[in-house]
Structures are given as structure tokens and as C-alpha cells.
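Student: Next up is a structure, given as C-alpha cells.
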Amino acid sequence: MATILRGSAVADALCTALCRRVDALWDRGVMPTLALIRLGDDPSDLSYEAGIRRRADKVGVAVRRVVLPKNAEKEALLAAIDMVNADASVHGVLLFRPLPPQLKVCEDEITARLDPYKDVDGMTPLSKSGVFSGRSRLGFAPCTPSACMEILDYYGVDCAGKRAVVVGRSKLVGKPAAMMLLDRDATVTVCHTKTADLAAICRSADVIVTAARSLRLLTAEFVRPGQTVIDVSTVWDETKPNPKGGLGAFAGDADFDAVEPIVAAITPVPGGVGAVTTAVLLLHVVEAAERGGRNG
């Protein structure tokens, strides 16, 4: 049976260290503050927001919400971004993605409008350049791939000299995760759902980071003994029993029941990467506050 790489232990360790740093900021008169910009009431966004607010309250980070209608136009969203950029009491800004369909075509323009030093989820060109150049002081890396690295580090998975396969090529997770694994001296292959013979490539890996958002993509034929699987995706599975009764619950790319008995270690969904992502987000807010000055 695999070791279950639970995110709660990783997140708790990160947040325990953060509490001391937040206390030091309070002593300087600084209240680390995160602004959340959300469009509409997508259930996954609301769930993520609730998790952020619960953990932020425990750590001592203030959270402000800016909520726009799902059908908001670009000008309204840009105005909201400008508002939090100009507010000196806000240290970090998180724009919920994916954006609604009417804004997808101009997503690059929208994310570039964020102040890169408040962009705590690696959306701006400066933040992306920091990831690809290995210069961590240029903005912040995206929280989700950073959470993957925190899990590997916490559980002592050494990537140096290992073969790593990243399934997914998004700018938010897949590509930055590949760069971060390279920085850990792994030999990295980036794949996606259209990759030929994906199962064979995944079997060749020592570490698999899967972020394809494709329910039960990784089956038993994709894995072998000794591997570590980091399942980033959160997909609604209408056939999965819900702990509260009935059917319907979140699952990941991995067919957990088929994969877990084979591999050495795997993150659960839920209970894996997501919890750590929230902790990394708050870490970035605290770092932004430490780089800045007093509130207001």
C-alpha cells in the first residue's frame, strides 16, 4: 500500500512557521492583507475562498473580498484590479481563475494589470520570468506548483537525478511545475492528454505530477511500483460516494483505488495539494508584507 501524502501536515507546518512571522509584522504595525477578486459564485471558487479565509484567520492574515458578477466586462475587472493595486494596505492580490468566457480572450492583458509585487499567485509576466529564470525575488511563483514542491520536500522525496513526468501544460501549473522540478535537478518530460503512448511515458517516471483535469486519466497501466504521484487536479465525479451521503464528490486525475495499491506514495483528492496551496498563498502574502511597509 502507498504512503498517503496528506496535505494537512504540510500546511500545518507551513502555517506554524507563518504565525511567528505574522506576530513580528504586527509588532511593526503591519497587518498582512490579502485581496480576493472573484467573478460570480462558481462552487469550486467558493470552496477555495472558504478554505483561504479559514486558514488566514488562524494565521492572522486579513482577507478582503472584491466580488463582481460573472458577466462583468473587462473594464469593470480592470478597475477592481487598479483599486487593490493602489491600496497600500493590501499586500497580496489573488484573482480567481479560470475567468468567465467573455474575458478569456483578454486574460493576458488582465493578469498583466496586477501589481507584480502584489501578485501572490504568479500571474504577471514578471512573476513568470522569475519562475523560468530561477530568480525567486521577481514576484511570486504560482501557488499550486509551489505546493507540489512543498509536499515533495516535506515528505523527503529527493528529485535530484530522478525522472519526472508532468501531465499538463498549463501556464498556471504544468509549465511552472516542470521548471521547479528542473531546479531540483530532475530530468523532466512534459506531457498532455494528446501525448502518444502517455501510459508508457508515465510508467518510466520516478515522480508524476498530474494536472490535466481529466477524471481517472491515470489508471493502473500508467504506474509501477516505487513511484510518487502528485495529483493536482480537482474534478467533480458524479459516481464517487460522498462522505455526507449519496453520490458526487471531488476526485483527481488518478483512479485512486487502482493506482494507490501499486505506487510508493500518492496525494489524495481532496486532502492533498489543495490544502498546501492555500498555505503557500498565505506564505506569499506574508512575504509581500515583509517586503513592504506599514499598512496605509
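Student: Assigned to a strand (DSSP E or B), in contact (Cβ under 8 Å) with a residue 12 or more places away in the chain, farther than 29 Å from ARG20 by Cβ and among the hydrophobic types (A, V, I, L, M, F, W, C), is that true of VAL66?
Tutor: On the way: assigned to a strand (DSSP E or B): yes; in contact (Cβ under 8 Å) with a residue 12 or more places away in the chain: yes; farther than 29 Å from ARG20 by Cβ: yes; among the hydrophobic types (A, V, I, L, M, F, W, C): yes.
Yes.
Student: May I ask you to verify whether SER89 is among the hydroxyl-bearing types (Ser, Thr, Tyr), surrounded by fewer than 20 Cβ atoms within 10 Å (Cβ to Cβ) and touching a Ser or Thr at 6+ places or on another chain (Cβ under 7 Å)?
Tutor: Numbers: among the hydroxyl-bearing types (Ser, Thr, Tyr): yes; surrounded by fewer than 20 Cβ atoms within 10 Å (Cβ to Cβ): yes; touching a Ser or Thr at 6+ places or on another chain (Cβ under 7 Å): yes.
So SER89 fits the description; yes.
Student: Moving on to the next point. Has the stretch 266-289 got at least one residue that is within 22 Å of the chain's Cα centre (by Cα), within 23 Å of ARG54 (Cβ to Cβ), modelled with pLDDT under 90 and not in a strand (DSSP E or B)?
Tutor: First, pick out the residues of the stretch 266-289 that are within 22 Å of the chain's Cα centre (by Cα): 266-289.
Next, from what is left, pick out any that are within 23 Å of ARG54 (Cβ to Cβ): 267-289.
Among the residues that remain, those that are also modelled with pLDDT under 90 are: 275.
Subset that is not in a strand (DSSP E or B): 275.
Within the stretch 266-289, one or more residues are within 22 Å of the chain's Cα centre (by Cα), within 23 Å of ARG54 (Cβ to Cβ), modelled with pLDDT under 90 and not in a strand (DSSP E or B).
Student: Just checking, which of VAL207, VAL167 is over 24 Å from PRO125 (Cα atoms) and buried (at least 19 other Cβ atoms within 10 Å of the Cβ)? It would help to see each step written out before you state the result.
Tutor: On the way: VAL167 fails: over 24 Å from PRO125 (Cα atoms).
It is VAL207.
Student: Have a look at PHE132, PHE140 and point out the one that is in contact (Cβ under 8 Å) with a residue 40 or more places away in the chain, within 27 Å of THR189 (Cβ to Cβ) and touching a Gly at 6+ places or on another chain (Cβ under 6 Å). Quick ask: steps written out before the conclusion?
Tutor: Numbers: PHE132 fails: touching a Gly at 6+ places or on another chain (Cβ under 6 Å).
That would be PHE140, the only listed residue that is in contact (Cβ under 8 Å) with a residue 40 or more places away in the chain, within 27 Å of THR189 (Cβ to Cβ) and touching a Gly at 6+ places or on another chain (Cβ under 6 Å).
Student: Output the qualifying pairs, or none if there are none: Cβ atoms under 7 angstrom, residues six or more apart or on different chains, first residue in the stretch 116-127 and closer than 13 Å to LEU172 by Cα, second residue part of a loop (DSSP other than H, G, I, E, B) and modelled with pLDDT of 95 or more.
Tutor: Pairs found: MET123/LEU114; THR124/LEU114.
Student: If you check every pair at least six apart or on different chains, which have Cβ atoms under 9 Å apart with a residue in the stretch 223-245 that is under 22 Å from MET149 (Cα atoms) and at pLDDT below 95 first and a residue that is of a type in the set (Asp, Glu) and surrounded by 11 or more Cβ atoms within 10 Å (Cβ to Cβ) second?
Tutor: SER233/ASP253; VAL235/ASP253
Every residue, every condition in (1) closer than 20 Å to ILE262 by Cα; (2) touching a Cys at 6+ places or on another chain (Cβ under 8 Å); (3) of a type in the set (Val, Ile, Thr), yes or no:
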residue: VAL166; (1), (2), (3): yes, yes, yes
residue: LYS171; (1), (2), (3): no, no, no
residue: THR187; (1), (2), (3): no, no, yes
residue: ALA205; (1), (2), (3): yes, no, no
residue: ARG213; (1), (2), (3): no, no, no
residue: ASP237; (1), (2), (3): no, no, no
residue: GLY245; (1), (2), (3): no, no, no
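The values are calculated or read from the model by the stated rules, or taken from the named source; none is laboratory data. Everything numeric in this text was worked out from a predicted model, so none of it was measured. Positions of Cβ are backbone-derived with ideal geometry, glycine not excepted, and every protein chain shown enters the neighbour counts.
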